[in-house]
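Presented below is the structure to which this report refers.
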Amino acid sequence: MPKVVMVLVDSLSEHQLQEALSHRSVPGLQFLSEHAQYRGLMSTVYPAMTATVDSSLLTGTYPDMHKIPGLVWYDSEQRRIINDLNGLACVAATGIVQSAIDNLHALNERHLSTDVETIYEALQAHAMTGASINALVHRGQARHLLRLPGWLRWLSGWRLAKTMEVSGPEQLVLGDLTNNRWCSELPDHLRRPWRAYGINDGYAVAAFTQMLRTVGQADFTMIYLPDNDHAMHRKNPAHMRDATLQLDRHICGLLDACGDWRQALEDSVWILLSDHGQVQVAKQAVGQIDLDAMLRPFRVLPLRERADERHEVAVANNERMAYLYPLKAGVQARLIEVLEREARFDVIAAKEGQWVTVVQGGSRRRLRFAKVQKSADESQQPVYADIYRQKWRLDGDESVLDLQIIGDELQYGDYPDALARLYGALYAHEGPVIAVNARPRYEIHCATYPRHKNGGAHGSLHRSESEVPLWVCGAEPHVAGATFSFPTRITDIKSLVLHIMCNGR
Ligand SMILES: [Zn+2]
């Protein structure tokens, strides 16, 4: 039975990979590429933000099932904004202690639905072991203690204990917070505060190397490499060459950890993939869609407060998309009226009973769609099946989502898997919610949230950041076979991993 090593590179695009390979300057990636049994593209989920994508990757479900709707979202039960660490100023405005607890504890222990099963939980049922290195989502059946930094405890007024218990696979690494004995010998310079306390590529490579030397390789290892994302945000995807060289250095480091590169591919199936791409945000002020200005007529919930009768709307900004939560009757219609005047929004979507209504900003062209559930419904609209065999009813102008209808089949254009992705994002919430999506080159701006003028940003429904590369290397003969087709969506990865590990002999 092969082991699996899954390397998740944040913001890696197919274009970035192809460009690097064409220059033959990336030996690690070149080696993996030459030994790939499969190289293809997958659609990610919506919003194209790491917390949501990781949850889908590990559970094989859309957000309506796993219930992590974004990096930033509004929790209607607690009546407050959850910020899983999006930008320092924004985290400070939301409350550093609360954001740290949400990110380190609640994401895995409370917010991620217990109705879904992570890869680690599934493997445990097959008596197989797992390891997670620096990934945000890691729920499993083992318990681990994270060591909290002194300043965070001080900020909490010493309410937080020295350690925090979280769940994970058998081996769990989260930078300097890791309490493993075998991580204590990793170099100090890789876990300094300015190196994100060890949540960086160098630390992940060192941890993987140390893990192989000490406790050995788990049956399934997930390694998260975040540095590429930071580089793309800072510069932009047009200046990706340096970031790719750095990434390759770390890919070489992971292969080196196994001793011999060929042996690494004989012992394990290596899956290289990305969570989303990025697009270049315009340098000019027009690239920033000022949502705060647009919402001036409304009483908006401040980031740190709990919603009460004073507030009309809560806003959760996820870079190139945002959620708006009407908190009072009548507010949704007023909000949509304001939003649909803005031509820089290509998609404005809201729940309407069993339907999702989509309006195109500026033109105000409209489309409604509904998921065809198993139980018969009485709608008169015809049913269409998309390439993933998901069934939908449509009503209105299908060009709003660049859909093509051929017979009773539905094909996607600029918005891959648009219907399931929009449905997943909206129905991840219990109450009313509107999703607004920026056209390429624009990002949504709200005070304190990070801005990326002339840099890179992501989050949207558009294919520019919604299609991600997938390489499966050293897999033959484990994934070969007529009955198996390679994933075309990030939600299919869990079954690929289980197929390799449980049926791949
Ligand atoms: Zn990012």
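The values are calculated or read from the model by the stated rules, or taken from the named source; none is laboratory data. Nothing here was measured: the structure is a model prediction, and the numbers come from that model. In this analysis, Cβ positions are derived from the backbone assuming ideal geometry, glycine residues included, and neighbour counts consider all displayed protein chains. Ligands, DNA and RNA are stripped out before the accessible areas are found, and what is left, the full protein with its side chains, is counted by its heavy atoms. Shrake-Rupley method; radii C 1.70, N 1.55, O 1.52, S 1.80 Å.
Report the local net charge at Leu17: Lys and Arg +1, Asp and Glu -1, summed over other residues whose C-beta lies under 11 Å from its C-beta.
-2
Non-local amide H neighbours of Ala48 (under 5 Å, H modeled in plane, Pro and chain starts lacking H): which ones?
When sequence neighbours closer than 5 places are left aside, the close amide H contacts are Gly459, Ser460.
Give me the number: length gained by fully extending Arg364 to Trp154, i.e. 0.36 nm times residue separation minus the C-alpha to C-alpha distance, one decimal in nm.
70.5 nm
May I ask you to list the residues of region 104-119 whose amide nitrogen lies under 20 Å from a point 7 Å from Cα along the Cα→beta-carbon direction of Lys374?
Within reach of a label on Lys374, which here means backbone N under 20 Å from a point 7 Å along Cα→Cβ, region 104-119 contributes 114-117.
Quantify, in whole percent, the carbon and sulfur part of the accessible surface of the chain (1.4 Å probe; protein heavy atoms only).
50
Taking the Cα centre of region 285-451 as origin, sum charge times position over the Cβ atoms of Lys and Arg (+1) and Asp and Glu (-1), and report the length of that vector in debye to the nearest 20.
Its charge dipole is roughly 360 debye.
Shape verdict for region 285-451, please, from the Cα gyration tensor: rounded (a/c under 1.5), prolate (a/b greater than b/c) or oblate.
Taking the square roots of the gyration eigenvalues as a ≥ b ≥ c, region 285-451 is prolate.
Which whole-Hz couplings ³J(HN,Hα) result when phi for each residue of region 425-441 is put into the Karplus expression 6.51 cos²θ - 1.76 cosθ + 1.60, θ = phi - 60°, listed in order with x for Gly and Pro?
Residue by residue, region 425-441 yields 5, 6, 7, 6, 9, 6, x, x, 7, 10, 10, 10, 10, 8, 5, x, 5 Hz.
7 Å from Cα along Cα→Cβ at both Ile405 and Tyr38: what's the point-to-point distance in nm?
With each label point 7 Å from Cα toward Cβ, the separation is 3.2 nm.
Tell me, what ³J(HN,Hα) does each residue in region 203-213 have, in order and in whole Hz, if you take phi through Karplus 6.51 cos²θ - 1.76 cosθ + 1.60 with θ = phi - 60° and put x for Gly and Pro?
5, 4, 5, 4, 5, 4, 4, 5, 5, 5, 6
With the dipole of the chain worked out from charges on the C-beta (+1 for Lys and Arg, -1 for Asp and Glu) around the Cα centre, which of His458, Met164, Thr52 lies farthest toward the positive end?
Final value for the positive-end residue is Met164.
Give me the one-decimal nm value for the distance between modelled label points at Val383 and Asp395, 7 Å along each residue's Cα-to-Cβ direction.
1.7
Report, for the chain, the % of DSSP beta bridges that are antiparallel, rounded to 5.
Values: 60 of 88 bridges.
Counting only bridges with both partners in the chain, antiparallel ones make up about 70 percent.
Tell me which of Leu367, Ala435, Tyr412 sits at the most positive position along the dipole axis of region 357-447, charges placed on C-beta atoms (Lys, Arg +1; Asp, Glu -1).
Among Leu367, Ala435, Tyr412, the one farthest towards the positive end of the dipole of region 357-447 is Ala435.
If you take all C-alpha pairs in the chain, what percent of them are over 41 Å apart?
Within the chain, distances greater than 41 Å cover 17 percent of Cα pairs.
Calculate one ³J(HN,Hα) per residue across region 65-70 by plugging θ = phi - 60° into the Karplus curve 6.51 cos²θ - 1.76 cosθ + 1.60, and present them in order as whole Hz with x for glycine and proline.
Computed from phi, the couplings for region 65-70 are 8, 7, 6, 10, x, x Hz.
Where the centre of each part is set by its Cα atoms, how far does region 252-288 sit from region 1-46, in angstrom?
6
What is the calculated FRET efficiency for Arg24 to Arg310, with r their C-beta to C-beta distance and R₀ = 51 Å, to the nearest 0.05? Mind showing how you got there, number by number?
Details: r = 61 Å, r/R0 = 1.20.
It comes out at approximately 0.25.
Compute the relative contact order of region 285-451 as a whole-number percentage, counting only Cα pairs closer than 8 Å that sit 6 or more residues apart in sequence. Don't jump to the answer; show the numbers that get you there.
On the way: 295 pairs, mean separation 47.2, N = 167.
Relative contact order, region 285-451: 28 percent.
Nearest 0.05, what FRET efficiency do Gln263 and Asn503 give at R0 = 30 Å with Cβ-Cβ as r?
Computed FRET efficiency for Gln263 and Asn503: 0.80.
Structure shown: which of Lys235/Lys453; Lys371/Lys494; Lys67/Lys351; Lys235/Lys283; Lys328/Lys351; Lys351/Lys371 lie over 18 Å apart, alpha-carbon to alpha-carbon?
Flagged as over cut-off: Lys371/Lys494.
What shape does region 90-204 take by its C-alpha gyration tensor, where a ≥ b ≥ c are the square roots of the eigenvalues and a/c under 1.5 counts as rounded, a/b above b/c as prolate, and the rest as oblate?
Cα axes put region 90-204 in the oblate bin.
May I ask for the distance between the Cα centers of region 103-117 and region 300-360, given as a whole number of Å?
The two parts, judged by their Cα centres, are 25 Å apart.
For the chain, what does the relative contact order come out to in percent, with C-alpha contacts under 8 Å and a separation of six or more?
It rounds to 27 percent for the chain.
Please give the contour-minus-distance gain from Thr114 to Ala92: 0.36 nm per residue of separation, less the Cα-Cα distance, rounded to one decimal in nm.
So the chain would gain 5.0 nm between Thr114 and Ala92.
Tell me the angle of helix 241-257 to the major Cα principal axis of the chain, expressed in degrees between 0 and 90 and rounded to the nearest ten.
40
Given the Cα-Cα distance of His126 and Glu352 and 0.36 nm per residue of separation, how much length would full extension add, in nm?
77.2 nm
With r defined as the distance between the Cβ atoms of Val338 and Arg79 and R0 fixed at 30 Å, what FRET efficiency is calculated, to the nearest 0.05? Before the final figure, lay out the partial values.
Values: r = 23 Å, r/R0 = 0.77.
The computed FRET efficiency comes out at 0.85.
Counting helices only, and only those DSSP H runs with n ≥ 4, report the 222 nm mean residue ellipticity of the chain as the sum of -39,500 (n - 2.57) divided by its residues, in deg cm²/dmol to the nearest 500.
That comes out to -7500 deg cm²/dmol.
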